[in-house]
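The values are calculated or read from the model by the stated rules, or taken from the named source; none is laboratory data. As the structure is a prediction and not an experimental result, all values here were calculated from the model. Cβ placement follows ideal geometry from the backbone for every residue including glycine, while neighbour counts extend to all protein chains displayed. For accessibility, only protein heavy atoms count, side chains too; no ligands or nucleic acids. Shrake-Rupley method; radii C 1.70, N 1.55, O 1.52, S 1.80 Å.
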Amino acid sequence: MKNLFLSVALLFATSMVFAQVQSYTHNNGNGGNGNNGNCDGCSIEQLSADLYLGFDNKSIIEQYGDDNFAEVTQLGFGNFSFVLQDQHDGDITVLQHGAWNTAKVIDKGEYNESEITQLGKFNYAKQEFGKYSDGNEAEIEQNGYGNTAFQFVNGDDNEAKIEQTNSKWYKRGNYAVQYQNGDDNIAKIEQDGSDNAAKQVQDGYDDFALAIQDGKDNVSVQEQRGWSFFGGDNKSLVFQHGEDNMACIDQTMWMNGPGDNFSKVTQCGDDNKALVTQVNGVHF
């Protein structure tokens with residue numbers, strides 16, 4: 001009877017993981033349920049989330065360098081964490097409370113700070129800092145079932161934050177990915193509901209991106225790049241409340257841009273679509 005129980009539990013866990021990884025088909029602007037239509041520039045690729053499906057809690061910490069600090073606390077069962085610190089003065093904290101949560105942190109820079117908190121089941125979080133990156137802060141907090149988050153930071157003094165909540169086991173989790181390749185950028189994603197997807201790409205200096213989504217099947221893509229000799233930068237705000245909304249932001253700053261790019265999209269309701277493309281400066 002014990003073996004039968006374990007077999008059924010593992011089968012249930014595997015089905016949940018498969019659904020969580022495969023549930024976000026937002027490529028080419030199609031929402032999670034296929035009804036969002038087409039929105040040029042809105043594409044969120046599916047990154048692999050290799051969840052651990054055992055019943056033991058496992059923690060692996062590898063530290064190379066000087067003055068690194070890593071703290072892992074896991075409560076429940078089937079939680080897995082992997083921490084790699086390969087330079088100096090890294091500060092990493094991982095807290096996982098629940099079952100079948102997976103957290104991975106790869107820090108190859110200096111003075112970076114990382115914090116992951118996951119409460120619930122089947123959540124997956126991965127943070128990766130670029131080689132020789134310095135002074136970055138990354139934080140992921142996921143509460144509920146089947147949330148997936150990725151943070152990739154390659155530069156200096158960037159801040160990245162993701163908060164996701166999905167409290168019902170029978171609903172699909174939220175998906176979020178952040179990339180920052182530059183200096184002094186700030187990226188924040190907050191999603192509450194199910195099957196929302198958000199992507200932020202910042203390749204420049206002093207850019208700011210904020211996405212807040214409440215509901216289900218909402219898609220937000222913010223891509224910002226470039227920099228200006230005149231101090232111009234990109235700022236993007238997205239607020240979506242409802243179902244099947246889509247916001248696509250593409251902002252570019254050329255070196256001779258005299259001002260800033262600023263965009264704000266607010267959508268309340270269902271099936272709204274917004275596309276913003278802005279270029280500041282002249283490309284010679």
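What the table below lists for this structure:
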| quantity | calculated |
| --- | --- |
| Pairwise FRET efficiency - Lys168 versus Leu75, Cβ, R0 = 22 Å, nearest 0.05 | 0.55 |
| Region 112-119 - phi-based ³J(HN,Hα) in whole Hz, Karplus 6.51/-1.76/1.60, Gly and Pro as x | 8, 10, 9, 8, 10, 10, 10, 10 |
| Charge dipole (debye, nearest 20) of region 92-167; +1 at Cβ of Lys and Arg, -1 at Cβ of Asp and Glu | 560 |
| For the chain, built as a Gaussian network whose Cα springs stay under 10 Å, the top-fluctuating residue of Leu84, Leu75, Leu53 | Leu75 |
| Net charge over other residues, Cβ less than 10 angstrom from the Cβ of Gln127 (K, R count +1; D, E count -1) | -2 |
| Segment Lys131-Asp56, length gained on full extension (0.36 nm per residue, minus Cα span) | 23.8 nm |
| For region 66-102 and region 146-173, distance of Cα centres in Å | 16 |
| Cβ charges +1 (Lys, Arg) and -1 (Asp, Glu), total dipole of the chain, debye | 1420 |
| Summed residue charge, Cβ within 12 Å of Asp244's Cβ, Lys/Arg positive, Asp/Glu negative | -3 |
| 10 Å Cβ shell holding at most 13 others, DSSP loop, trypsin sites (Lys or Arg not before Pro): longest site-free stretch of the chain | 1-130 |
| Accessible-area composition of region 65-118, carbon plus sulfur, in percent [1.4 Å probe] | 47 |
| Length released on extending from Phe262 to Val279, taking residue separation times 0.36 nm less the Cα-Cα span | 5.1 nm |
| Cα→Cβ-extended label distance, 7 Å offset, between Asp271 and Met255, nm | 4.8 |
| Prolate/oblate/rounded call for the chain, Cα gyration tensor, a/c under 1.5 rounded | oblate |
| Top positive-direction residue, dipole computed over the chain with Cβ charges, set Leu84, Tyr170, Asn261 | Tyr170 |
